[in-house]
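Data block below; observations after.
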């Protein structure tokens, strides 16, 4: 951690955690990737404010997934195929009933988001204006005719982009919506597990770049090049934007998008990728950004206020050059615009050491993998791990 911060373990053994949210009264909710004791949602409470959650309740049945959001009255959560909301108890920890978990039945807002074996994380972002934004990742690496087959050409145009590979927008108060009744907000996005809404500058995401350049096209890329290509893209998104997947990828060294080899690229050609939207930052390859949080509190020093925190989960496709497994900070100004500072990469590591070693050779060797981020009611930062479900709370150290 940077100097001036302290960290506590708020809870342990929550389960295979994905995303996390905090209620204004301090209650915490976590969604799991697979059920524990028959449930995929977890609620936690630190009633005596001692930094340890002494109350934990599981609920929600087997609707497991990634996406989780809260607006004060409702908890929103998504499986791979559907988006739900459930009314939160009105009493809270200080109310007459002190209920922690919802008692009302959940309502299905969106159905038939798509069933797929890869990239099925339906991350969520609320804009506070009655809309929810949902990641619908592409069930493919680069839309080859035969997925992940060496030398197989890319389908052009990619038929998957009709139903996948983008961000959809839905209403927060209308039931049984579908992708056809929602708005396809942006396209050309391989998989944006990290998604958040900035109160001034709107929707932002960090997406996973494509894999296997070296094994699919060994005549063009070495394993060392694959470990650095392509960048994980952090971008501001407006309605109608196209980030260029599967045709293009972002080369962090060239600082531009280039044609993928499935579409006639050789690591140098730009071609039609000149029209694809460029990211704000090209993060190192295969770091796997899995959550994004704009810090809107005032408890942290001014430097961090309004800026972004990104949790990197680590990826399998870096070979022996494993990296990531950290939370980074990205500065923004008061107008909600990215403003890199200093002469470095324009971002900095905020929390590190989750993996337990600097020399791990595969993600399975990592002790912890940062997965979800949330801003606590008191302005602290919460980080949850996906391996065993450890939940940390980061606060400013007391003098």
Suppose we keep only residues that are more than 19 Å from the chain's Cα centre (by Cα) and in contact (Cβ under 8 Å) with a residue 40 or more places away in the chain within the stretch 341-357. Which one would you say is surrounded by the fewest Cβ atoms within 10 Å (Cβ to Cβ)?
345
Sort out which residues of the stretch 330-340 are assigned to a loop (DSSP other than H, G, I, E, B), closer than 12 Å to residue 281 by Cβ and under 20 Å from the mean Cα position of the chain (by Cα), and write them in order of number.
331
Could you identify the single residue in 146, 174 that is loosely packed, with under 14 Cβ neighbours inside 10 Å and farther than 28 Å from residue 211 by Cβ?
174
Extreme residue, farthest from residue 32 (Cα to Cα), among residues of the stretch 109-140 that are buried (at least 21 other Cβ atoms within 10 Å of the Cβ) and touching a helix residue (DSSP H, G or I) at 6+ places or on another chain (Cβ under 8 Å)
140
Please go through the stretch 177-195 and pick out each residue that is part of a loop (DSSP other than H, G, I, E, B) and without any contact (Cβ under 8 Å) to a residue 40 or more places away in the chain.
180, 181
Would you check if there is a residue in the stretch 58-71 being at pLDDT 95 or above, more than 28 Å from residue 184 (Cα to Cα), out of contact with any helix residue (DSSP H, G or I) (no Cβ under 8 Å at 6 or more places or on another chain) and not in a loop (DSSP other than H, G, I, E, B)?
yes
Just give me the residues in the stretch 280-314 being surrounded by fewer than 21 Cβ atoms within 10 Å (Cβ to Cβ) and either in contact with a helix residue (DSSP H, G or I) (Cβ under 6 Å, 6 or more places away or on another chain) or under 22 Å from residue 245 (Cβ atoms) (or both), in sequence order.
280, 284, 295
Looking for something surrounded by fewer than 17 Cβ atoms within 10 Å (Cβ to Cβ) and modelled with pLDDT under 95 - is there at least one such residue anywhere in the stretch 29-45?
no
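Mind telling me which of the residues 366, 377 ends up being on the phi < 0 side of the Ramachandran plot and surrounded by fewer than 19 Cβ atoms within 10 Å (Cβ to Cβ)?
That would be 377, the only listed residue that is on the phi < 0 side of the Ramachandran plot and surrounded by fewer than 19 Cβ atoms within 10 Å (Cβ to Cβ).
The values are calculated or read from the model by the stated rules, or taken from the named source; none is laboratory data. All of these numbers come straight from a predicted model, not from anything done at the bench. No Cβ is skipped: glycine too gets one built from the backbone with ideal geometry, and neighbour counts run over all protein chains shown.
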